[in-house]
Every structure is written in C-alpha cells, then in structure tokens.
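See below for the structure under consideration.
The values are calculated or read from the model by the stated rules, or taken from the named source; none is laboratory data. Fair warning: this is a prediction, and the values are worked out from it, not measured in the lab. Neighbour counts are summed over all protein chains in view; Cβ atoms, including those assigned to glycine, are modelled from backbone coordinates with ideal geometry. The accessibility values were calculated without ligands, DNA or RNA, using every heavy atom of the protein model including side chains. Shrake-Rupley method; radii C 1.70, N 1.55, O 1.52, S 1.80 Å.
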Amino acid sequence: MVKRLLIVAHAPSPNTLALREAAERGASHSDIENVKVTVKAPLEAGPDDVLNCDAILLGTTENLGYMSGALKDFFDRSYYPVLEEKRGLPCALYIRAGLDGTGTRRSVESIVTGLR
Ligand SMILES: Cc1cc2nc3c(=O)[nH]c(=O)nc-3n(C[C@H](O)[C@H](O)[C@H](O)COP(=O)(O)O)c2cc1C
C-alpha cells in the first residue's frame, strides 16, 4: 500500500530551497518503495493536507529564535482541525539556523507535543 509523505517547509532563499529539494529527492529515492511525496510551502498547506498524509516532514528557518512565521501560520490554521484525527502521525523536523536552532526546535516540539 502506498504511504503519503507530506513535506511542509519554508524556503525563502536559494539555500533553503536547495535544502527542501534535497529532502524531496531523498524521500523520492528509488530505494524507497511505495511512498508518494507531496511538497508544499507552509502558506499553501493546510489541515486537509495533514488529514490526507501518513507522515509529515516539517522544515523551517530560524527567525528571531523561533520557527518562521509561515510555519507558525500553518500550525495556527491546522491545529484544531487535525487535533483529534491525527494523533500519532509520524513527524520529523529540519531547521536551517545560523545559530543552534534550539529555540526553533523547542517552539515546534511544543506544538507537535500538543498535537501528540
Ligand atoms: C526576520 C528574520 C529573523 C531571523 N532570525 C534568525 C535567527 O534568529 N537565527 C538565525 O540563525 N537566522 C535568522 N534569520 C535568518 C534566516 O534564518 C535566513 O533567512 C534563512 O536561514 C535563509 O538564509 P540562507 O539562505 O543563508 O540559508 C532571520 C531572518 C529573518 C528574515
């Protein structure tokens, strides 16, 4: 059975776009069978995308020591519509940070912990 991986990643620069494309390329590698990959920018993604996936990879820059506003907006719009439906959804995160990314990681982890 085909599993659906949703990549929701903010890519405001050539560097972060290359990062997102690398994630997509890796997830679409021929060694990986039966995985359909969908890539969306956070402002284009919403709760329906989450409801229709089997796993999610989040990507963000570190902005002011936090996740990007675009990814936060995605969570703001998606949180309650997916809360009851998607508990246990496998989730991974990458961060592009010039510093250590700690605040960004904490901000995303606290939301996905709330979503379980
Ligand atoms: C409003 C704003 C705040 C930012 N704050 C941080 C920050 O706290 N830490 C950091 O490492 N980079 C910060 N950045 C830089 C972004 O992470 C950067 O734009 C992103 O990593 C893309 O840069 P790159 O193309 O060099 O990867 C900030 C950028 C913006 C626009």
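Residue count for the range 4-31 under the criterion of being in a helix (DSSP H, G or I) and of a type outside the set (Ser, Thr, Tyr): the result is 13.
Report, by residue number, each residue of the range 65-100 that is of a type in the set (Ser, Thr, Tyr), more than 9 Å from the ligand (Cβ to nearest atom) and surrounded by fewer than 19 Cβ atoms within 10 Å (Cβ to Cβ). Residues satisfying the conditions are Tyr79, Tyr80, Tyr94.
Before we move on, is Gly103 of a type outside the set (Asp, Glu), open to solvent by 30 Å² or more (accessible area, probe 1.4 Å) and either under 25 Å from Val35 (Cα atoms) or touching a Phe, Trp or Tyr at 6+ places or on another chain (Cβ under 7 Å) (or both)? No; evaluated as a whole, the condition is false for this residue.
Restricting attention to the range 41-59 and to residues that are open to solvent by 60 Å² or more (accessible area, probe 1.4 Å) and within 14 Å of Ala9 (Cβ to Cβ), the residue that is nearest to the ligand (Cβ to nearest atom) turns out to be Leu43.
Glu62 meets all of the listed conditions (1) part of a loop (DSSP other than H, G, I, E, B); (2) of a type in the set (D, E, K, R); (3) within 12 Å of the ligand (Cβ to nearest atom); (4) in contact with a helix residue (DSSP H, G or I) (Cβ under 7 Å, 6 or more places away or on another chain) but one, namely (1). Answer yes or no as to whether Gly88 is of a type in the set (Gly, Ala, Ser), part of a helix (DSSP H, G or I) and out of contact with any helix residue (DSSP H, G or I) (no Cβ under 9 Å at 6 or more places or on another chain). So Gly88 does not fit the description; no. Pairing each residue of the range 45-59 that is within 10 Å of Leu71 (Cα to Cα) and hydrophobic (A, V, I, L, M, F, W, C) with any residue that is part of a helix (DSSP H, G or I) and at pLDDT 95 or above, provided the two are 6+ apart or on different chains, yields C-beta distances under 7 Å for Ala45/Phe74; Leu58/Leu71; Leu58/Val108.
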